[in-house]
Amino acid sequence: VLLDIQMPDMDGFEVIAELGVEKMPQVVFATAYNQHAIRAFEVNAVDYIIKPYTTERFNEAVDRAMLRIADKGPRADDSRLEAMMQKLFGDDARSDRTTKDDDAGSDRILVKDRDRTRLVKAQDVDWVEAEGNYVRLHAGATSYLIRGNLGKLEEKLAQFGFARVHRRFLVNIERVSEVQPWFGGDAVLVLNSGAKVRLSRTFKDAFEARFLSP
């Protein structure tokens, strides 16, 4: 449900109180007022988007809602998907006991895209961004929001040429075309797609050490 804050007969919070938080479907607040954000999350809202919002921001909110629905109400065949997620992101993903057969598909990342599930090749991802308890994979003009931990994903993607460039960002080094200076010792990475990703000075030396210098 997309729910506004200010409405004629009762506001959005009164709607939730009337029905009860436990009976509400997944709620995304869409409002022109940002001062109610904390209260929105206190009533278990999925997201809080400010008008006017972009299509990308709207889709992000819907993706979050769909992920929460999937977590709360798994279908019978979702157990297999959950097992695959555990293999990709779980603590035992790098176990020495893993056999060669278990490594099949290890260069794929499981993502939910609307009403379907996709396997995205790691090499097709340009950069990765942490968003709270989720990570967003950017692949060209497309992005995928998945539940996961950036640190664990960094471990998985390191073998495919990804590097941590910021506490919130990983980047596929093959996609970097330019490094531009920025303030305070930071830099900006320009990718082949035209996207720009911040390179923190904390990770700058390690990043530059991966390349041959004159």
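Tell me, yes or no, whether the stretch 198-214 has at least one residue that is free of Cβ contacts under 8 Å to residues at least 24 places away in the same chain and either aromatic (Phe, Trp, Tyr) or within 29 Å of residue 47 (Cα to Cα) (or both).
yes
Every residue in the stretch 140-173 that is aromatic (Phe, Trp, Tyr), under 15 Å from the mean Cα position of the chain (by Cα) and more than 18 Å from residue 205 (Cα to Cα), please.
Hit for the stretch 140-173 is 144, nothing else.
Hey, does the stretch 161-178 have a residue that's out of contact with any strand residue (DSSP E or B) (no Cβ under 9 Å at 6 or more places or on another chain) and either assigned to a strand (DSSP E or B) or charged (D, E, K, R) (or both)?
Yes, there is a match, as at least one residue in the stretch 161-178 is out of contact with any strand residue (DSSP E or B) (no Cβ under 9 Å at 6 or more places or on another chain) and either assigned to a strand (DSSP E or B) or charged (D, E, K, R) (or both).
With respect to residue 22, determine if the residue is over 22 Å from residue 68 (Cα atoms), in a helix (DSSP H, G or I) and not β-branched (Val, Ile, Thr).
no
Which ones in the stretch 25-56 are outside any helix (DSSP H, G or I) and open to solvent by less than 30 Å² (accessible area, probe 1.4 Å)?
27, 28, 29, 30, 31, 45, 46, 47, 48, 49
Only strands (runs of 3 or more DSSP E) wholly contained in the stretch 108-156 count here; list those with 1 or more residues that are open to solvent by 70 Å² or more (accessible area, probe 1.4 Å).
Counting at least 1 such residues, we get 108-113, 116-121, 142-147.
The values are calculated or read from the model by the stated rules, or taken from the named source; none is laboratory data. From a predicted model like this one, the values you see are computed outputs, not experimental measurements. Reconstructed Cβ throughout: ideal geometry from the backbone, glycine too, with neighbour counts over all protein chains shown. All accessible areas refer to the heavy atoms of the entire protein, side chains included, with ligands and DNA or RNA removed. Shrake-Rupley method; radii C 1.70, N 1.55, O 1.52, S 1.80 Å.
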